[in-house]
Amino acid sequence: MLKLTIAGRPNTGKSTLFNALTGTRDALVHDRPGVTRDTISGQMRDRNWTVSDTAGLENAKNGIAADSTNMALDAIAQSNAVLFVVDGRVGLTPEDIEWARLVRRKTKAPVLLLVNKSESGKRMADIHEFYKLGFGEPVMISAEHKSGFDSIYEFLDKTAPDASKVDETTSAPQKLKIAIMGQPNVGKSTLVNRVLGQKRQIVMDAPGITRDTVKIPVNFYGRDIILMDTAGLRRKAGVKDDVETLSALKSLDAIEKADVVVLVVDATKNIENQALGIAARIYDAGKILCVALNKWDLVEPEIRDEKLLKLKHQFSNSFHQIIKPMILAISAETGTGVQNMFRRIYEQWDISNSDAPTSLINRIVEKLVSDRQPPMSRLKRPMKIKFARQTGRHPMKITINVGGASDIPESYTRYLRRGLAAALNWEHLPITIEYQKDENPFDDK
């Protein structure tokens, strides 16, 4: 896949352009400069190009700005084409000239100069001054209003004619999407960098570094996956401004888009209600959950067994949807336990994509009912469980046909859920049971 990088100084509209080209809202957009910190990527609509939105280029010798700029320059160096974005309202700045010079040194790929925020000619600066950047004729666009994009498509089609259209007849298999979530500063980005084998995400000993949900394709432990690094989630009382609110909303949205969620917690501290609240959202969304006890190497060896047992009880008692929570000890810093965690995740994902034979499900349900009869209904009528089958995945869904009364209490549903999970090896998976007051569909066959 060809790589297209969007570059420029802060607040020129790069993230708005990224969202317009990919047809998503993956990039966080805000009037404040410097909101984008990590490089995020997405698939361009109607073209075989991967688009990368980079942080604004800034002069900084250390800190977040320096790390963000270095990552942006790395993305530029690896690109097949670059869109260099400037602000048409502000006009040419010394920073634009400086960064244009550096971009020319970093890449031999073709560069298209985009003068953004050009929707109002009256507010535009002198367009001719942008020729000084050395990228040829400036192209006037409005990323917000999606105007002037024809020139971008013409530029890309000229750069790589074979990538001009997406072949809709052949679709690539869907990759397993794994979201990395948790409270701030628990080691999410360190874990992502460990899996990638490189410093792709900014890591600092301070909360709130990651703001966007960053999707990164990678092959890890023999499988192609997409990692989703998310912003740290704090209690509402701790949220300081609207940028953090937007970041939190994107993190929660990642739950719906992910197949598996790794909830990273700090093993050196007690599990807070906030982490349990995130777990509840994951369970309710029907996603596979893996709790990663990060920084396990910092826990005193003599208390590890007790701490692990306590955590398993805490999660088991909090959420009846999961029979046995998948809680694994790791160290993102040293890599200990990371491969084993992903091996377990892959195993559970493969199990969740299978269908259990209907005959097997019915034998299991018959045995469970034989061992423990359903209680009488409120009207003192017997409940007859007639027929069961699997009707869904993600979450695993069992539909049971019942005769007579159908007000089966939740306690008996939990009993059936636990029995089915144990017999089908679904104990780490979210399971739902639905009752239908219908006759056995095979009665007349």
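By the scheme Lys and Arg +1, Asp and Glu -1, what is the net charge of all other residues having a beta-carbon under 10 Å from that of Leu21? Working shown, then result.
On the way: positive: Arg45, Arg47, Lys146; negative: Asp46, Asp53.
Combined, the nearby Lys, Arg, Asp and Glu give +1.
Residues within the reach of a label modelled at Asp126 (point 7 angstrom out along Cα to beta-carbon, backbone nitrogen below 15 Å), restricted to the range 90-117, are 90-94.
Give Lys215/Lys287; Lys3/Lys177; Lys14/Lys295; Lys117/Lys257 a once-over and call out the pairs whose C-alpha atoms are over 27 Å from each other.
On the way: Lys215/Lys287 18 Å; Lys3/Lys177 21 Å; Lys14/Lys295 36 Å; Lys117/Lys257 31 Å.
In this structure, Lys14/Lys295; Lys117/Lys257 lie more than 27 Å apart at Cα.
Over all other residues within a Cβ to Cβ distance under 15 Å of Arg372, the charged ones net out to +2, with Lys and Arg as +1 and Asp and Glu as -1.
Lys and Arg at +1, Asp and Glu at -1: add these up for the other residues within a Cβ distance under 12 Å of Val139 and post the number. List each step's numbers first, then the result.
On the way: positive: none; negative: Glu137, Asp150, Glu154.
Combined, the nearby Lys, Arg, Asp and Glu give -3.
What's the extension gain from Leu276 to Glu95 if we count 0.36 nm per residue and subtract their Cα-Cα distance?
Details: separation 181, 0.36 × 181 = 65.16 nm, distance 4.60 nm.
Net length gain for the segment: 60.6 nm.
Each value in this text was obtained by applying a stated rule to the coordinates, not by laboratory testing. Predicted model only: the values in this text are computed from it and were never measured. So basically every Cβ, Gly included, is an ideal-geometry build from the backbone, and we count neighbours across all protein chains shown.
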